[in-house]
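What follows is a set of notes on a single structure, which appears directly below.
The values are calculated or read from the model by the stated rules, or taken from the named source; none is laboratory data. Just so we're clear, the structure is a prediction, and the values are computed from it rather than from any experiment. Glycine gets a Cβ as well: all are built from the backbone with ideal geometry, and neighbour counts include every protein chain shown. These accessible areas exclude ligands, DNA and RNA; they are computed on the full protein's heavy atoms, side chains included. Shrake-Rupley method; radii C 1.70, N 1.55, O 1.52, S 1.80 Å.
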Amino acid sequence: MDVEVISTAFCLVLLLFGCAVANPVGFTEDDPRNITESLVVEERGNGYDNYLPLEPGAPYNIHLNVLKNDVQKDPDCMLGNAYNYMPWLFPNGSLTIKNESVALDLSNLMLGDRGLVSLVDSLHELTNYSNIRYLALGFNQLTLLPVSTLKLFSSLEYLSLVGNPLADFTLKLETRPKLPSLPALVSLDMRDCRLRNFPTDFFNDVPKLQYLFLAYNYISKLPEPLFNRLSKLTHLDLSHMNNTDREEELRAENPFMKLIAGMDMDPNVFEPLVKLRFLDLSYTKLELKAFIALSSLGTRLEYASYCLMELPTLLDHLFLMRSIKMLDLSGYIGGGRTLNKGSLTLLRDSLEVLYFRDSEIHRLDWLQGLHKLRVLNLRGNLVTSLIEAPFNDLPNLEVLDMNFNFVQSWPNEMFSQNLKLNFVSLRYNNLMATTSAMLRDFEDLKYLAIGGNSLKCSCNYVYLMQVAAGNSSVLVLEKNGTIDSNYTLPVEFLVTHVNLLDFKDEDYRCMDYTTRVKVNPYELTVCAHEDEDNYINTGEEEQEYLEDIIEDYLVIYIVVSFLFVLLMGITFFIYWYWFYIKYFCVMFKNSAILSFFNDDQLYLDKSSLIEESMYNYDVFVSYSENDRFWVLDRMLPMLEQDSFVSVCLHERDFEVGYSILENIISCMDRSRCLMLIVSESFLQSRWCQFEMHLAQHRLLETRRDELILVLLEDIPKRKCPKTLSYLMKTKTYIKWPRERAQEQELFWKRLRRALTTSKR
C-alpha cells in the first residue's frame, strides 16, 4: 500500500479523535458568549506579544522593549517578527484557535500533495468547509500549491502555508499556479516556502487581503503587476529574503557583483498599495536600482523596517514617504559617514520612533528638526559626546538609548528642554565623572541606566546611588549644600524618584582613585567630613591624584612626543630627498654586486687599465631591445662600414659560457669608449639602467673619461633618473634628429669625430 495513503489514514484518525475531545480553551459548551468574542481572546495565545492594531485604522501596538529589567537584551529589529502579527498561529505552524467549527488545523502531518487531497476529501462529510475561517497547512511536504483544495474554503480568512517546499514557482514553467478565488481572505502566510518567482496574476483573486507574509523565501524579483489587485493590503512582510543562489550566479560572472546582488523590484511595483501602512524589509538585500521602487510607496506608510539590509548608501528613496512614524535603520554600516542635517528632513513632521543601532554613527547633528521624535535608539555606535547634539529640537523625546557607545561626561545641561524625557540608558560608555549638570538632567527621569561605566566615587555619584536606593531620608546635607571648602552639592538636587533600571552590584561599583580599587557606593557617606572610613575623594585628593597621573605619564608623554617629531622629520626628509636617496641606494647596490666578483676570474684584459694598452673595440654600445632596429640598421653600418670603427654589441660580441655581468664588465674594459643609446625604453630596462650605473662606476674606477650619450628622443624631466641627469650635466651628449635629413648628416659627422678622437 502507498506510504502516503497510510500516512493520510493515520492523520485522519488523529483528527477525528481530536475533534471528539476538542473544546474551546477557557469556555464551556453552555457558554452564552458570542463565538467571535471568544476567538478574539483565543487569538492572543501564541506566546508572542500582539502588535496588531486593537481596531481597524488604530496604531500598531509595537512594544519597544526598552523598559525591560535587562536592558542589555534588545529586539532583533524594532518591528519584531511575523508571529507578533499572527496571534492565530503558533511558531510550529498550528492554530491557536481551538473551535473546530471555524478552524481546521492540518499542519505538521507530513502530508504530500496527494495525501492532502485524500484527507480533505475524507473530512468533507464531517466538516462544513464553507464555515472555515482559519486553515493551517504549514510544515507539510506540499510541493504544489493546493489550488483545488483551497477552492473548497469559500469563507477562508486566515491561511498558513508556512514551511512547505513549494517547487512550482520557477521561471522554467510556462504555466504557473495562482491563488484561487478567496474573496474573504484577510491574512496569508507563505513564509519559508522556497518561493522564487510569482506569476504576475498570483494575487488577483484575493481582493480583501490585508496581511501578507513572504519572509524567508528566495524571491529574486517583484514584477510590476504583482500587487495590482491588492488595494486593501496594509501589511507586507518581505524580510529575510535569501538570494544566495543569485549572488553565486553573479559572482561567477563578476566577483564584485555579489556586493550589490539582491532582490530586484520594478519601479512601480508598490504603486497599487494605496493603504499600505507596514513594510518589513529587514535582512533583505536589495539591488541598487530596486530602491527606486520605494519611492512609489503611498503616503500612508507608517512603519518601515530596513534593519540589516546592507544598505549601500543612505538613499533619499527611503524617506520620500512623509508619513513614516516608526523607522528602523539598524545595521547600516557606514551610515554615520553619510548622515547630514538634511538626511531626515522629509520625516520631521511624522517620525516618532527611530532605531539606528550598530551603524558607525559619530555625530548627532542630523537629529536637528525632528520635533515629533519620541523614542531614539542609537546603541552600538561610535558617539563620543552629547555636547553638540540638538536635543533642544526634540521636545517630545521620551526614551533615549545610547548603550555601548563612547559617550563622555558632559559639563552643561543637555536635557533641560526635554520635559517629557523619562528614560535614559547610557550603559557601557566612557562616563567617568558625575557632574552637577548630569544630576540636573537626571532629576526628572523615571528610569536611568548607567551601569558598566568607570565612574569615580564622587559626592554626586554616591548621592545619586543612595537616592536611587531610597536612602534620601538619611542623606547628610548641610545648608546650601556645602560639604567642604573644595566641593559643593546644591540642595536642589532632589533626584528622589529615579529608578536604576539595570542595577547590578558589579556594574555600579565606583572607582576610588585614592586606593585605586572599585568600591560599593552604598557603603560610603555622602561627602561627610573626612575620617578614616570615608572613601570619597575630596577636591584635594582629586588634585593629588591628577598630580600623580601627570608625574607617572610625563616622561612617557615627552618620549612619545619626541619620537613622533623625530618620525615626522625623518618622513619629511625622505620625501624631500627621495630621488637622491634612491640614486645613492642604486649606486651602493651596484658597487656591492661588483665587489663580489674577482677581477682575476673575469674575462678581462688588465692591460686595458694602462693608457698605452691596445683595446679590442673602439666603442661599447648599451641600448634597449626596443631601439635594436636603429642600432643595427642605421648606426652600425655608418660606423663599421663607413668609418671603420669597431663596435661591441652584446648580442654579437659577448663570450659564450660567461655570465652576463662578466661579459658586460669585460667588454666595457676592452672598449676604448662607452656609448649609451638613451630613450624611454632604455630607462625602463633594468639591464640598461644597470649598464648606465656600471659605466659611470668603471669610468671612475679606471679614471677614464670616454663616454658618449646619444639621445634618441626627448626625456621628460620627471622620468629622468639622477644618474642620467648627472651624466647629461657633466658630459656632452648628441641628440638624434628624427625628421630632418640635413641634421642627420651633421649628427653622423659629429659622432664619427667623437669616436675618431677617442682613438688618438
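Things worth noting here:
- Residues in segment 712-734 include none that are under 16 Å from residue 631 (Cα atoms) and among the small types (Gly, Ala, Ser).
- Residue in segment 63-80 that is open to solvent by 60 Å² or more (accessible area, probe 1.4 Å) and at pLDDT 90 or above present: no
- Filtered residues of segment 398-417 (kept if open to solvent by less than 10 Å² (accessible area, probe 1.4 Å) and touching a helix residue (DSSP H, G or I) at 6+ places or on another chain (Cβ under 7 Å)): 410
- Test result for residue 473, at pLDDT 90 or above, open to solvent by 50 Å² or more (accessible area, probe 1.4 Å) and over 34 Å from the mean Cα position of the chain (by Cα): no
- Checking each residue in segment 418-432 for being farther than 20 Å from residue 380 by Cβ and out of contact with any helix residue (DSSP H, G or I) (no Cβ under 8 Å at 6 or more places or on another chain) picks out 419, 420, 421, 422, 432.
- Among all positions in segment 115-124, there is no residue which is of a type in the set (S, T, N, Q), at pLDDT 95 or above and either over 25 Å from residue 216 (Cβ atoms) or crowded, with 22+ Cβ neighbours inside 10 Å (or both).
- Extreme residue, farthest from residue 368 (Cα to Cα), among residues of segment 415-446 that are in a helix (DSSP H, G or I) and among the hydrophobic types (A, V, I, L, M, F, W, C): 439
- Selected residue (criterion: surrounded by the most Cβ atoms within 10 Å (Cβ to Cβ)) from residues of segment 325-355 that are touching a Lys or Arg at 6+ places or on another chain (Cβ under 8 Å) and over 16 Å from residue 278 (Cβ atoms): 330
- Yes/no for residue 130 being among the hydroxyl-bearing types (Ser, Thr, Tyr), over 26 Å from residue 47 (Cα atoms) and in a helix (DSSP H, G or I): yes
- Any hit, segment 622-645, residues being open to solvent by less than 20 Å² (accessible area, probe 1.4 Å), assigned to a loop (DSSP other than H, G, I, E, B) and among the β-branched types (Val, Ile, Thr): yes
- Residue match in segment 428-450 (condition: of a type in the set (S, T, N, Q), at pLDDT 90 or above and surrounded by 21 or more Cβ atoms within 10 Å (Cβ to Cβ)): yes
- Inclusion of residue 277 among residues that are under 30 Å from residue 340 (Cβ atoms), open to solvent by 10 Å² or more (accessible area, probe 1.4 Å) and modelled with pLDDT of 80 or more is warranted.
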